[in-house]
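**Student:** What follows is a structure written as structure tokens; I'll ask about it next.
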Amino acid sequence: MEKKEPSESRRKPQKSGERATLPGADGQIIRLWDAAKHALEWKFSTPADGRYYMVLRCANAGDATRIAALDGQPVVGVEDGFAFSPTIGWGNAPQEWQNVLLARKSRPFIFALGAGEHTLRLTNSHGGGLNLDWIELVPLEE
């Protein structure tokens with residue numbers, strides 16, 4: 001049996017959390033968010049005090065969990081993290097991306113935020129991979 005050399009891409013380690021462009025994504029994505037304890041942060045501003053929920057456009061072929069902190073504090077009630085069920089792939093085709101509510105037990109998690117700047121930190125708790133296109137903060141209409 002002939003021994004084959006690994007391809008160039010197999011020999012080089014991939015960067016954790018690198019930016020890339022994939023089909024079906026709205027722009028550059030964050031991929032290879034695979035390492036346990038790898039955290040990503042986003043700064044955003046809210047125009048007014050209010051209640052908000054978050055939608056993430058993501059792709060993941062396996063289970064993934066992310067622990068959330070808002071403004072440096074763990075999000076109360078979800079200390080064990082937000083679970084992301086698998087989509088049908090890693091985002092290499094448009095149909096592999098899904099818009100997912102940041103939810104707890106199938107219910108959207110509602111964030112009470114004051115007007116001004118905030119920081120969201122999501123940490124990979126167990127090493128499950130997740131590719132991320134965008135996060136949208138949506139005001140809850142009451």
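**Student:** Specify the inter-centroid distance of the range 53-95 and the range 111-135, based on alpha-carbon positions, in whole Å.
**Tutor:** Each part reduced to its Cα centre gives a spacing of 8 Å.
**Student:** Viscosity 1.306 mPa s, temperature 10 °C: Stokes-Einstein D of the range 13-61 from its Kirkwood Cα radius, in µm² per second?
**Tutor:** The estimated diffusion coefficient comes to 118 µm²/s.
**Student:** Also, I was wondering about something else. Given [x] 31, 15, 14; [y] 28, 21, 16; [z] 30, 23, 14, which label gives semi-axes √(5λ) of the Cα gyration tensor in Å as computed from the coordinates?
**Tutor:** Computed from these coordinates, semi-axes √(5λ) of the Cα gyration tensor in Å corresponds to label [x].
Readers should treat all values here as calculations from the given coordinates under stated rules, not as data from a laboratory. On a predicted model such as this, the values are computed, not experimentally measured, just so you know.
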